[in-house]
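Participant: A single structure is presented below for examination.
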Amino acid sequence: LGSWTIRNRQVYDSTYLAGAGPEGMAKLGLMVRSEIEGIDFWDLLGELREEVKLVERETGKGELVWIKHAKATGRLAREHPFTIVRIYLSNVIGNTHTDWGMIYYVKLPDWRDPAGRMSSKLEKKGLNYRVSLLALIGLVMLIRKKRYSVAVLLVGIYGYFALVAGFAADQGMRIFYPGQIAWSILVAYPILW
């Protein structure tokens, strides 16, 4: 990993390991711009991707476009702090409480449509929060049993990946999969009880 980071520094003048960091920040900025300017997010993203392709063809450093837009997100955060916080938290909630990831990756095409309808129905009724509710109950049970170290560890794992999910635009549950490690253990407590 270190060698690849050094290579990116030499080739792209960027110390990032991969584009996820600047790309996530740039997309967050685009979501804010979308709301402020009343322009569709996907249109803004399409324009940005075209700019990346153009710079990549001309200079071989398309990554720098993502970095430039990521830096602009900092300016947007100072100018519109409540908007950026609201959009970020909305992404955290949306990406950690959706069942749609299962549908896109299911290898049984006959089940895709019924699973989609069920997931949509659960979300409309607010039942997509059922796992988090069980996890919260599990956390309370751990704390009541004075298992603080386990509780802190699981909340840390869950919280870290939930916070990272706030930088992803419309990624669904897949961005939060590592956080489900903590979910599974926390949910097991009330279910087993």
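Participant: Quick one: which helices (runs of 4 or more DSSP H) sit completely within segment 33-151 and have at least 1 residues that are farther than 30 Å from I185 by Cα, at pLDDT 90 or above and open to solvent by 80 Å² or more (accessible area, probe 1.4 Å)?
Facilitator: Values: elements: 41-59, 63-79, 81-96, 100-105, 109-124, 130-144.
So the answer is 41-59, 63-79, 81-96.
Participant: Mind listing just one residue for me: the one in segment 16-31 that is surrounded by fewer than 21 Cβ atoms within 10 Å (Cβ to Cβ) and within 12 Å of L64 (Cβ to Cβ) and, of those, modelled with the highest pLDDT?
Facilitator: Selected residue: Y16.
Participant: Right, another one. For Y158, all conditions in the list (1) open to solvent by 70 Å² or more (accessible area, probe 1.4 Å); (2) among the aromatic types (F, W, Y); (3) out of contact with any His (no Cβ under 7 Å at 6 or more places or on another chain) hold save one; what is the number of the exception?
Facilitator: So Y158 meets the others, but not (1).
The values are calculated or read from the model by the stated rules, or taken from the named source; none is laboratory data. This structure is a prediction, so every number in the text was calculated from the model and none was measured. Cβ atoms come from the backbone with ideal geometry, glycine included; neighbour counts cover every protein chain shown. Quick note on the areas: whole protein, heavy atoms, side chains included, nothing else; ligands and nucleic acids left out. Shrake-Rupley method; radii C 1.70, N 1.55, O 1.52, S 1.80 Å.
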